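The values are calculated or read from the model by the stated rules, or taken from the named source; none is laboratory data. Every value quoted in this text rests on a predicted model; they were computed, and no experiment measured them. Every residue, glycine among them, receives a Cβ derived from its backbone with ideal geometry; neighbour counts consider all protein chains shown.
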Amino acid sequence: MEYRVPLNLTLGMPRTVSLPQLASVQPVEALPERLDGRDGTNRGALETAQLSARNDLDAVRAWLSNYADTQTTFEAYRKEAERLLLWAVVELHKPLSSLTHEDLRLFKAFLADPQPASRWVSLKDDGTQGGKYARGDVRWRPFNGPLSPASQRQALVILNGLFTWLVDAGYLRGNPMALLRQRAKRSTPRITRYLSLALWDEVKGFVAQLPQDTPAQRAYAARCRWLTTLFYLQGMRISEVAGGTMGDFSRRLGADGRDQWWLEIVGKGERERIVPASPELIAELVRYRQACGLPSLPSRAEATPLVVPFRGQARCLSRSAVHDAIKGVFNGAAAWLRARGPEFADRADELERASAHWLRHTAGSHQADGGVDLRTVRDNLGHVSLNTTSLYLHEEEDKRHRETVARHKMNWGTQPSAKSDGSETHR
């Protein structure tokens, strides 16, 4: 019987496939017996193991099941575990439970350049790297291209956690990942993926001019305006917007006797926070709900999604649907800018690179640079540490740039000219 747990922990590949001869790599569902790890050289003693798993795939599933209630974490962890499992079996013909320190050094290098690319890297329709497909799609591959240094470090951190857990559970005798040399962590730079006030004004200008001649156009314009407002004013993550409902809004009486609106958000690690909902946001909420044919204000237990589907059941949109909606706004704004002239090309390029998470960074940056107390910004964004929130402070960097440019110069054009009689004294 196939092992099943919530959120499809089955990692995807039929037993009949001869893995070493694969021309391409597909998701892992099962492994041949000789490579499933039941006889792995790093296996712990069976009598002391705290898992019922008898092979590597089931052991990884047991580890993943700890994160089944947090979709983003689960998917990130599954991705890295699946990459390692497939690489070990396809490239080394070894099970995960037989990997050594030397093997993992090879894997570390592999992450920076997964070769052969025809086997490991997905392609777009035009033949270039970077295609993104569902795991069940035949075009799916474990990689979209080489991993950046930051993504490589993140992958190794996740896999070290996997190995540590398997050792703690008695499934493995030791953690070969722990032997890898860890480079000193570089200081985190300021947040750079955010929209300047000028570029943000362009996005708002594009949304404001969207046509509204037909019901479909009016529905699209209302969604774009609401989405950009919600992301910007509340500083939400894409998963928080996708999973939120209208019932997450609440109203209470403030110390001054006035109504206060709040939005309850469940963020990373299932941490809950409440974020002030300004009168401006509530006015936009009323505007959006009326456009959707809903009562002006939500009820406390209302299950209507924060972003109402255009058609079909009133269930929350997927993260990818919200991502596509925001990308549609950015791409539309970019095309709108390009149509105004070549001098807007750089701005358009930046918008085409932007994603929904840029709006969260934009919200944090504009709050911090606008003088909002960092502790308030921290709590609004759901950061654990002020150190993270301080990365949104760009005003100091702007000042440093201005002072450096103004006061530290070469001045090639102002040096004194040499005397014509050659009597200049050399010192």
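Summary table
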{"item": "Test: residue in region 301-310 that is within 20 Å of L233 (Cα to Cα), modelled with pLDDT of 90 or more and of a type in the set (D, E)", "result": "no"}
{"item": "Only listed residue being in the same structural domain as R289 (by TED's automatic domain parsing) and either over 24 Å from A222 (Cα atoms) or in contact with an Asp or Glu (Cβ under 7 Å, 6 or more places away or on another chain) (or both), chosen from G371, G328, G332", "result": "G371"}
{"item": "Scan of region 51-91 for residues that are in contact with a Phe, Trp or Tyr (Cβ under 8 Å, 6 or more places away or on another chain) and outside any helix (DSSP H, G or I), ordered by number", "result": "L51, A53, A68"}
{"item": "Set V60, V17: member being β-branched (V, I, T) and modelled with pLDDT under 90", "result": "V17"}
{"item": "Inter-residue pairs, beta-carbon under 7 Å, first touching a residue at least 40 places away in the same chain (Cβ under 8 Å) and in region 77-91, second among the hydroxyl-bearing types (S, T, Y), 6+ apart", "result": "Y77/Y67"}
{"item": "Subset of region 328-366 (residues that are basic (K, R) and either surrounded by 22 or more Cβ atoms within 10 Å (Cβ to Cβ) or in contact with a helix residue (DSSP H, G or I) (Cβ under 8 Å, 6 or more places away or on another chain) (or both))", "result": "R338, R347, R360"}
{"item": "Positions within region 195-245 being closer than 16 Å to K327 by Cβ and outside any helix (DSSP H, G or I), in sequence order", "result": "L195, L210, R237"}
{"item": "Test: L106 is modelled with pLDDT of 90 or more and farther than 21 Å from A134 by Cβ", "result": "yes"}
{"item": "Any hit, region 78-101, residues being modelled with pLDDT under 90, closer than 24 Å to E270 by Cβ, acidic (D, E) and surrounded by 14 or more Cβ atoms within 10 Å (Cβ to Cβ)", "result": "no"}
{"item": "Residue list for region 118-150, filter: assigned to a helix (DSSP H, G or I) and either buried (at least 17 other Cβ atoms within 10 Å of the Cβ) or at pLDDT 90 or above (or both)", "result": "R119, W120"}
{"item": "Residue check, K94 within 18 Å of the chain's Cα centre (by Cα) and part of a loop (DSSP other than H, G, I, E, B)", "result": "no"}
{"item": "Among (1) in contact with a strand residue (DSSP E or B) (Cβ under 7 Å, 6 or more places away or on another chain); (2) of a type outside the set (K, R); (3) within 26 Å of G332 (Cα to Cα) - the single one I274 does not satisfy", "result": "(3)"}
{"item": "Subset of region 44-60 (residues that are in contact (Cβ under 8 Å) with a residue 12 or more places away in the chain and either among the hydroxyl-bearing types (S, T, Y) or farther than 7 Å from Y171 by Cβ (or both))", "result": "A45, T48, Q50, R54, N55, D56, L57, D58, V60"}
{"item": "Answer residue from region 324-377, given it is of a type in the set (S, T, N, Q) and in contact (Cβ under 8 Å) with a residue 12 or more places away in the chain and is nearest to V203 (Cα to Cα) among those", "result": "N331"}
{"item": "Looking only at region 74-133, and only at residues there that are in contact with a helix residue (DSSP H, G or I) (Cβ under 6 Å, 6 or more places away or on another chain) and either among the hydroxyl-bearing types (S, T, Y) or outside the structural domain of Q152 (by TED's automatic domain parsing) (or both), the one that is nearest to D36 (Cα to Cα)", "result": "S97"}
{"item": "Candidate set from region 337-385 (those that are assigned to a loop (DSSP other than H, G, I, E, B) and modelled with pLDDT of 85 or more); member that is nearest to L195 (Cα to Cα)", "result": "A354"}
{"item": "Scope region 169-202; condition at pLDDT below 75 and small (G, A, S); matching residues", "result": "A184, S187"}
{"item": "Which listed residue, of R319, R315, is touching a Ser or Thr at 6+ places or on another chain (Cβ under 6 Å) and at pLDDT below 90", "result": "R319"}
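For (1) more than 26 Å from the chain's Cα centre (by Cα); (2) aromatic (F, W, Y); (3) part of a helix (DSSP H, G or I), each residue gets a yes or a no:
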site: W262; (1), (2), (3): no, yes, no
site: R273; (1), (2), (3): no, no, no
site: I282; (1), (2), (3): yes, no, yes
site: L294; (1), (2), (3): yes, no, no
site: F310; (1), (2), (3): no, yes, no
site: C316; (1), (2), (3): no, no, no
site: I326; (1), (2), (3): no, no, yes
site: V329; (1), (2), (3): no, no, yes
site: A335; (1), (2), (3): no, no, yes
